[in-house]
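Undergrad: Quick one: this structure, given as structure tokens, is what I'll be asking you about.
FYI, it's all coordinate maths here, none of it is from the lab. What you are looking at is a predicted structure, and each value in this text was computed from that prediction instead of being measured. Methodologically, a virtual Cβ is constructed for each residue, glycine included, from the backbone with ideal geometry; neighbour enumeration extends over all protein chains shown.
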Amino acid sequence: MELRIVKDNRRAAYARARMAEFAARCRRGGLAVTPQRLAIIEALLGATDHPRAEAICAEVRRRHPHVSLATVHRTLETLCRIGEARKVTTLHDSARYDGNLEPHHHVVCVRCRRIRDVEIAGLERALAGALAAPGFKPFGWSLEIQALCDDCAGLDAGAGRAPKSRRARKRAAQVQANPA
């Protein structure tokens, strides 16, 4: 089996396709299509980091400054309920959301909590039939791999050496401010 990180450009193409169909799916499901809902799903689909509601709210407020965090939370929960989004995991301190509904899995850094989509070729075939549990009828599943990302591993190995990339420096500052 081969594990691959899902590339951001592939996710962008997926997001464009989902946005093109979003309004029609909402209308078919009896859900009003508001500018705020469109902005929220667009922000979610445009994010590759499985954002919290607060990050989505900050992005949406760039175009809709009066959108409240409560509206974003309610909308994300509605999107999850109707199958337009999903919560990645409940193991973190607050909910993280994913707009990618294609079958995929996640690798999560246990230190900085960075989440990336991964595909594992052949995993579904290998587990076919093995997921049935007495008293349950499975309708889906996902695997969460807990790991240390390269940036956080570099912090351990570098013993204080500054990370090279801007993103790595930002993540290092977050880790130091809020250690896991």
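Undergrad: Enter the mean projected area of the convex hull around the alpha-carbon atoms of the stretch 82-149, in nm², rounded to one decimal.
TA: That works out to 5.8 nm², a quarter of the Cα hull's surface.
Undergrad: Tell me, in nm to one decimal, what length is gained between R61 and A12 on full extension, where the rule is 0.36 nm per residue of separation less the Cα-Cα distance?
TA: That pair, R61 and A12, stretches by 15.5 nm at full extension.
Undergrad: Now a separate question. Take the Cα pairs of the stretch 7-87, get the Kirkwood Rh, then feed it into Stokes-Einstein at 20 °C and 1.002 mPa s and tell me D in µm²/s.
TA: Taking Rh from Cα pairs, D becomes 167 µm²/s.
Undergrad: Report the one residue of G140, C109, C152 whose Cα lies farthest in the direction of the positive end of the charge dipole of the stretch 102-159 (charges on C-beta: Lys and Arg +1, Asp and Glu -1; origin at the Cα centre).
TA: The Cα lying farthest towards the positive end belongs to G140.
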